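The values are calculated or read from the model by the stated rules, or taken from the named source; none is laboratory data. Note that the coordinates shown come from a computational prediction; the quantities given were computed from them, not determined experimentally. Ideal geometry is used to build each Cβ from the backbone, glycine not excepted, and the neighbour counts take in all protein chains shown.
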Amino acid sequence: MKTKCFTRNFWLFLGLSFILLNHVNAADTTFTFDEADNNQASIVKTVDGIEMTVSNGSDGNFHADRNDGIVVLANNAGFGLLDISISSFDIVFSNDVKLISYNVSYIFQLDNNEVITFTNNSSTSTENSPFTGNSSRDFATQLSVPANTTISVTNTGNDDNDLMMIKSLVVEQITIIDTVSAPIPNAASSPYRVPFAPITTLFIFLLGLGAITSVWRNRNKR
């Protein structure tokens, strides 16, 4: 009876610990744009050991300021003494990450037909209007992105004088493990990529420890 009670309580403790540790472990990393990013062909920032590179802007150099960050959508919009346009750019992270949210700092003359897409290979997060200035917004689809994989960002519906800027981009560092799988009919053979939070390794270890402890105690009972 004592062994059964111990085993039941152990698994209950293990489950609660997993939930708590996952909550504590999910630390976000925030990349903030400012005036140092203005007139740059490529923007490189490193936070929490993660390097983010923003490049290949359709307008050439990027446009940014201290208060509102970087322009991500524009069509002949006035920005200081410039009339700028941007319809696409790329983002690359040095680590496996999940896209969490972004801060829309400033909008001008949007008419709610604008759409921004973040595409990672075959997965896409479609960000639909309306956009609101000075607000944080979760990604519609929080994509898991392998390290050094290009995220293509494009926008549509940006009419004359439209302008949208973001101040920051938030990601969560994860671990994506390659696992071998059986070939998929009529598809190129490639491993699935499965996202794991770093705490998953600890949970698997504790799971194995619990199983060993349970077997050991049952054997001693005999």
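In the stretch 97-129, how many are without any contact (Cβ under 8 Å) to a residue 24 or more places away in the chain, under 23 Å from Ala77 (Cβ atoms) and either buried (at least 16 other Cβ atoms within 10 Å of the Cβ) or in contact with a Leu (Cβ under 6 Å, 6 or more places away or on another chain) (or both)? So the count comes out to 1. Would you be able to say whether some residue in the stretch 165-178 is of a type in the set (Gly, Ala, Ser), at pLDDT 95 or above and under 18 Å from the mean Cα position of the chain (by Cα)? Yes: one or more hits.
For Asn95, the conditions (1) under 21 Å from the mean Cα position of the chain (by Cα); (2) in a loop (DSSP other than H, G, I, E, B); (3) at pLDDT below 95 are fulfilled apart from (3). Can you report the number of residues in the stretch 16-38 which are at pLDDT 95 or above, among the polar types (S, T, N, Q) and more than 22 Å from Ala147 (Cβ to Cβ)? So the count comes out to 1.
Residues that are under 18 Å from Leu110 (Cβ atoms), part of a strand (DSSP E or B) and touching a helix residue (DSSP H, G or I) at 6+ places or on another chain (Cβ under 9 Å) within the stretch 48-76 comprise Gly69, Ile70, listed in sequence order. With the condition kept exactly as written, say whether any residue in the stretch 130-142 is under 20 Å from Ile43 (Cα atoms), buried (at least 16 other Cβ atoms within 10 Å of the Cβ) and either under 10 Å from the mean Cα position of the chain (by Cα) or aliphatic (A, V, I, L, M) (or both). Within the stretch 130-142, not a single residue is under 20 Å from Ile43 (Cα atoms), buried (at least 16 other Cβ atoms within 10 Å of the Cβ) and either under 10 Å from the mean Cα position of the chain (by Cα) or aliphatic (A, V, I, L, M) (or both).
Output the qualifying pairs, or none if there are none: Cβ atoms under 6 angstrom, residues six or more apart or on different chains, first residue in the stretch 42-68 and farther than 16 Å from Asp28 by Cβ, second residue exposed (fewer than 15 other Cβ atoms within 10 Å of the Cβ) and aliphatic (A, V, I, L, M). Final answer for the pair search is Thr53/Val44; Asn61/Ala41. Take the conditions (1) surrounded by fewer than 21 Cβ atoms within 10 Å (Cβ to Cβ); (2) farther than 23 Å from Ser135 by Cβ; Arg66 misses just one of them, which is (2).
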